[in-house]
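These notes concern the structure reproduced below.
The values are calculated or read from the model by the stated rules, or taken from the named source; none is laboratory data. Keep in mind the model is a prediction, meaning the values are calculated, not measured. So basically every Cβ, Gly included, is an ideal-geometry build from the backbone, and we count neighbours across all protein chains shown.
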Amino acid sequence: MTEKKQVTITTETGRIDKVLPQLLADYSRSQIQQWFKKDLVQVNQKPCKAKYKVAENDIVTIEIPDPVELDLVPEDIPLDIVYEDDQVLVVNKPQGMVVHPSAGHPNGTLVNALLAHTPLSEINGVFRPGIVHRIDKDTSGLLMVAKTNEAHESLSAQLKAKSNLREYVALVHGNFEEDEGTIDAPIGRSKVDRMKQAIIPDGRPAVTHFKVVERFTDFTLIKCRLETGRTHQIRVHLAYINRPVAGDPVYGPRKTLPGKGQFLHAAVLGFKHPITGEQLQFEAPLPAIFERTLTQLRENN
């Protein structure tokens, strides 16, 4: 049965075929182009072409074709492995790589690359083997991956108990008066736009701690420590306090700094080894584009 999706245009501008990839992160640009060719997109209940320029409050409806059955294939994609033993692996995911296959990204994902490298735990099903936690496609940084079911259960339990360490570096719009603080606001699916997360009273508890690292004229570099792990948590929390992550195509202003995707990096990851009990901690340096941007901001400051 064909699935229908509906999104409401808020602050987005420009051609609809350029806007939809920002709002529908689970689908590729080529898929979205196919929708227009097959007349599957409507705006305000009227057929729409790819060149249509969106307006505020436009209601976009898409008839998503039945998904093609995915075939999870190991792919020889280079991996930046930070740590590995026979139970667990820590990988530094590049910006732009999707963690696991979906209808919009059937291949080229981190899971495809991992399967070509090593066996993975089976707990999360066929298309998310070994994946204990995720980071967004356009967020870079560290992920822990379970190679055995025993390791997977232990790492998942640590996440649930909030006993592991996950620290991010973010470049955000605006300035902070305080040097550190905590954002405690529940997150759930937006009532206005079902493709977004939002702060809502009946959402799931979400807590983010932040600390200022460096101040610039119009931006601030901060560290964020996750106490919970909700979808898009850091991005939603920082937008909520009017300090959106620079480059965030969904929750922040558009075209602010050169680059593709948000300036958000999972820099530090710590957990207890699932078998030995040893406390492990890893760090990943900022991507080159992140470092170049900081250098430019320092020169302009």
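Structure notes:
- Qualifying residue in segment 239-250 (condition: under 16 Å from the mean Cα position of the chain (by Cα) and not in a loop (DSSP other than H, G, I, E, B)): yes
- Among residues of segment 78-107 that are small (G, A, S), those with a Cβ under 8 angstrom from a residue that is at pLDDT 85 or above and assigned to a loop (DSSP other than H, G, I, E, B), sequence gap 6+ or separate chain, pair up as G96/K137; G96/D138.
- Scanning segment 283-298 for residues that are surrounded by 13 or more Cβ atoms within 10 Å (Cβ to Cβ) and of a type in the set (G, A, S) gives a single hit, A284.
- Qualifying residues in segment 180-203 (those that are charged (D, E, K, R) and either under 18 Å from the mean Cα position of the chain (by Cα) or on the phi > 0 side of the Ramachandran plot (or both)) - the one modelled with the lowest pLDDT: R194
- For segment 5-38, a tally of residues being at pLDDT 90 or above, of a type in the set (D, E, K, R) and not in a strand (DSSP E or B) returns 1.
- Wholly within segment 178-222, strands (runs of 3 or more DSSP E) carrying at least 2 residues that are within 25 Å of L23 (Cβ to Cβ): 187-189, 197-199
- On inspection, A50 passes the criterion of being modelled with pLDDT under 95, more than 21 Å from H133 (Cα to Cα) and among the small types (G, A, S).
- Of the residues in segment 209-223, not one is hydroxyl-bearing (S, T, Y), at pLDDT below 95 and within 24 Å of D26 (Cβ to Cβ).
- Positions within segment 43-66 being in contact with a strand residue (DSSP E or B) (Cβ under 9 Å, 6 or more places away or on another chain), without any contact (Cβ under 8 Å) to a residue 60 or more places away in the chain and more than 16 Å from D193 (Cα to Cα), in sequence order: Q45, P47, C48, K49, A50, K51, Y52, K53
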